[in-house]
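Each remark here refers to the structure printed beneath this line.
The values are calculated or read from the model by the stated rules, or taken from the named source; none is laboratory data. Note that the structure is predicted; figures quoted are calculated from it, not measured. Don't worry about glycine lacking a Cβ; one is built from the backbone with ideal geometry, like all the others, and counts go over all protein chains shown. We work out accessible area using only protein heavy atoms, side chains counted, and drop any ligands, DNA or RNA first. Shrake-Rupley method; radii C 1.70, N 1.55, O 1.52, S 1.80 Å.
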Amino acid sequence: MKKQVFSVFVTGAALCMAAAAGTDAMAGKTKTEVITKMADGTHVVNTATITGGVKGYKGNTPLKIYIKANKVVKVEALENQESPRYFQKVKDKILNSWNGMKVGKALTAEVDGVSGATLSSNAVKANVKAGLTYYRKNR
């Protein structure tokens, strides 16, 4: 009986260590996936894995933020569950607001939301702030 318990303990410990090693490897992979660098020097920040707590009307609103020479080139919406009709208004009226701004200015920019799509607007603004903050710390 003691031999079986010991065997189960050793097997469980090995599984825990393997899981921890996998988590460490995944953490490195996630960081790499958050910021990528294109051939022309543009950094692309994907907020999908760093803004899990930021919710719009129906869920997460991940973005890609393109940054070149410390200026925001563009902000692009990724797939989400927001109402297409309202989120289109957010895309049309908000996403270009940061274009051309230096990262520091973009972080403090006061961008107006879209009436009728307040939660989606707030989520996009929070995603931009989180993405730019991550970029500053990890580029």
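Overall shape: prolate for segment 78-139, with the ratio a/c of the largest to smallest alpha carbon gyration tensor axis at 1.5 or above and a/b above b/c. Solvent-accessible surface of segment 53-119, taken per residue with a 1.4 Å probe and all protein chains present: 60 Å². Only residues of segment 76-120 count here: report those whose backbone N is under 14 Å from the spot 7 Å along Cα→Cβ of N70, or say none. It comes to 101-107, nothing else. Computed from label points 7 Å out along Cα-Cβ, the spacing between D112 and M38 is 3.0 nm.
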